[in-house]
Amino acid sequence: MKPALFALCALSAGAAFAAPLFIGAQEYGVRPGNELIWRVPVHGATAVEAVKLPEGIAFDAANRTLRGRIAKPGDYAVTLRATDGKATTEERLTIRVGETICLAPPMGWNSWYSYSEAVSQEGMEKVARLLESSGLADAGWSYVNIDDCWQGERAPGGALQANAKFPDMKALCDAIHAHGLKAGLYSSPWKGTYAGFRGGSFDDEEPGALPDEKRLQPGQIYGRYPGVHRAKADRVGKHWAFDKDAKQWAAWGFDYVKVDWNPNDIPTTARIAKDLRASGRDIVLSLSNAAPIKNFPGLDKHAQLWRTTGDIQDTWGSIRNIGRAQLNWLPHRSKGHWNDPDILQVGLIGTPNRPNVTFRPSRLTQAEQRYQMTLWCFLSAPLLISSDLEHLAPETKALLTDPDLIALAQRYAAAPIAVAQQTKDFFVLRKDIAPDTPVHGLFNDSNVPQTITLPDGSKHTVAPHSARLVPEHLPTLTK
């Protein structure tokens, strides 16, 4: 067996590596003068070094992180070396300083299907520690994202502040960045958010707000969903404050914002993007929810990510239907702009819109969880989990650190994708990861096994509610 191929197989089995393995993106986008934070994703390394660094960038070997600022636009090459004490692997990273950020779809953790209404600063700092200690950070899982429920009072004439569960947002971002990870949060251009907290605009009065004694939490002024609709706070208010909020997020150190309203219209998206660009920090703009496909092209000129669906559920019907619908979105994907079919329903999760302190297993089977992960990676979708990382099962960790899947999502994010076959029972996607090097993803939606014939005449049987790659391991990784 080839050493590199052994390393790939050994990862899933939890055995030792034959050599360190780089599987992440080979380029990183940052705007001129803005802060770069990038943790090197590499498996099986005991030490990592970076050489030939551009001026303004430093490398922290302890947490394997490049950090700094580059003032002048252009492409800058960095050489990365990883060793396990016996073998050394080398990688070339290109830092592209310009206007396009998010050159690969984000990978990270989101609080909505986990803590949900119980989200807190303490919990998010714990997630950052667990991403590192579990090894997921070394596989590329780098964002630590607060969803709804962090909002408190708006400063008079100023930015929205956090509630009591987040006593020091800057300290939270600093703690996350100390691990080489990135921090995200949630907002809306509406007066209220879906969970009933304040959004990015307001009126002089809040006629739909609940009295203090009826609020589930002090900042949850419109009540639990669908309270925002009952209070008629599901609209942009008289006073736009998103610009002030964006500057506050930048001052705290946030790197990502999920902005949630419906429908995602082009003028509002453009206004939000302008405010984020003026904040002085690179903040990835993730639109939610269910962006209208009729608004493309258009939304993609302003946002890096957009939700292609309503909220996902941990049921096979939800995964199957959302998965099939993604085939219509393939033309709208490009480097720096990604279709988002929502959060991975894997591992132990909680109930949205509840203050979760305990978690339950996903209702998806292990095969269905692999189906979702495989399809999302093949589509180059953002990979966000909401799993309980403190009790991460070996099979869940193996799935989330699968090097072939992550390479499909990150290293080959912008590779051409085509629908090779489609029937009512199954579909086949083709991704050309290199010239004359196709990989096929076989997805069986049906309740019975399917035998699928590929163009080269090979036949492959796929179990019900399952997916597989052909070849099983990426040729570019096994050379």
Among the residues of segment 373-385, are any open to solvent by 30 Å² or more (accessible area, probe 1.4 Å), at pLDDT 95 or above and either among the polar types (S, T, N, Q) or closer than 26 Å to W338 by Cα (or both)? no
From G200, G158, G123, G140, which residue is open to solvent by less than 30 Å² (accessible area, probe 1.4 Å), without any contact (Cβ under 8 Å) to a residue 40 or more places away in the chain and in contact with a Lys or Arg (Cβ under 9 Å, 6 or more places away or on another chain)? G123
Hey, among the residues in segment 84-93 that are open to solvent by 40 Å² or more (accessible area, probe 1.4 Å) and outside any loop (DSSP other than H, G, I, E, B), which one's nearest to W376 (Cα to Cα)? R92
Taking first residues from segment 257-275 that are closer than 20 Å to C102 by Cβ and second residues anywhere that are open to solvent by 10 Å² or more (accessible area, probe 1.4 Å) and among the acidic types (D, E), the pairs with Cβ under 7 Å that are 6 or more apart or on different chains are D275/D243
Any hit, segment 449-471, residues being crowded, with 16+ Cβ neighbours inside 10 Å and at positive phi: yes
Would you tally the residues in segment 413-438 being part of a strand (DSSP E or B), under 21 Å from P403 (Cα atoms) and in contact (Cβ under 8 Å) with a residue 40 or more places away in the chain? 5
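Of the residues that make up segment 239-250, is at least one assigned to a loop (DSSP other than H, G, I, E, B) and not hydrophobic (A, V, I, L, M, F, W, C)?
Restricting attention to segment 239-250, the residues satisfying the condition of being assigned to a loop (DSSP other than H, G, I, E, B) are 241.
If we keep only those that are not hydrophobic (A, V, I, L, M, F, W, C) too, we end up with none.
No - not one qualifying residue is present in segment 239-250.
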Residue that is open to solvent by 10 Å² or more (accessible area, probe 1.4 Å), of a type in the set (D, E, K, R), under 23 Å from Q369 (Cβ atoms) and under 28 Å from the mean Cα position of the chain (by Cα), where the choices are D432, D445, D425, D404: D445
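Looking at segment 94-128, which of its residues are over 27 Å from C149 (Cβ atoms) and assigned to a loop (DSSP other than H, G, I, E, B)?
Of all residues in segment 94-128, those over 27 Å from C149 (Cβ atoms) come to 94-100, 103-104.
G98, E99, T100, L103, A104, listed by residue number.
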Residue check, A409 within 20 Å of T315 (Cα to Cα) and in contact (Cβ under 8 Å) with a residue 40 or more places away in the chain: no
Filter pass, S286 being out of contact with any Leu (no Cβ under 7 Å at 6 or more places or on another chain) and hydroxyl-bearing (S, T, Y): no
Count of segment 297-308 residues which are farther than 14 Å from K258 by Cα and either in contact with a Ser or Thr (Cβ under 9 Å, 6 or more places away or on another chain) or modelled with pLDDT of 95 or more (or both): 4
Taking L80 as the residue in question, decide whether it is modelled with pLDDT of 95 or more, closer than 18 Å to G336 by Cβ and either open to solvent by less than 30 Å² (accessible area, probe 1.4 Å) or in a loop (DSSP other than H, G, I, E, B) (or both). no
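Specify the residue that is nearest to the chain's Cα centre (by Cα); the eligible residues are those in segment 98-118 that are of a type in the set (G, A, S) and open to solvent by 10 Å² or more (accessible area, probe 1.4 Å).
Within segment 98-118, the match that is nearest to the chain's Cα centre (by Cα) is A104.
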Check whether at least one residue in segment 266-275 is part of a loop (DSSP other than H, G, I, E, B) and either crowded, with 20+ Cβ neighbours inside 10 Å or modelled with pLDDT of 95 or more (or both), and report yes or no. no
Looking only at segment 335-350, decide whether some residue is open to solvent by 20 Å² or more (accessible area, probe 1.4 Å) and assigned to a helix (DSSP H, G or I). no
State the number of residues belonging to segment 68-85 that are basic (K, R) and touching a residue at least 40 places away in the same chain (Cβ under 8 Å). 1
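Which of the residues that make up segment 290-311 are free of Cβ contacts under 8 Å to residues at least 60 places away in the same chain and crowded, with 20+ Cβ neighbours inside 10 Å?
A291, L299, D300, H302, A303, W306, R307, T308, T309
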For segment 141-153, state whether one or more residues are in a loop (DSSP other than H, G, I, E, B) and more than 21 Å from the chain's Cα centre (by Cα). no
From Y194, Y225, Y186, grab the single residue that is among the aromatic types (F, W, Y) and open to solvent by less than 10 Å² (accessible area, probe 1.4 Å). Y186
When you scan segment 441-464, do you find a residue that is within 27 Å of Q26 (Cα to Cα) and either without any contact (Cβ under 8 Å) to a residue 60 or more places away in the chain or not in a loop (DSSP other than H, G, I, E, B) (or both), even just one? yes
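The values are calculated or read from the model by the stated rules, or taken from the named source; none is laboratory data. Everything numeric in this text was worked out from a predicted model, so none of it was measured. Note: ideal-geometry Cβ built from the backbone for every residue, glycine included; neighbour counts use all protein chains shown. We work out accessible area using only protein heavy atoms, side chains counted, and drop any ligands, DNA or RNA first. Shrake-Rupley method; radii C 1.70, N 1.55, O 1.52, S 1.80 Å.
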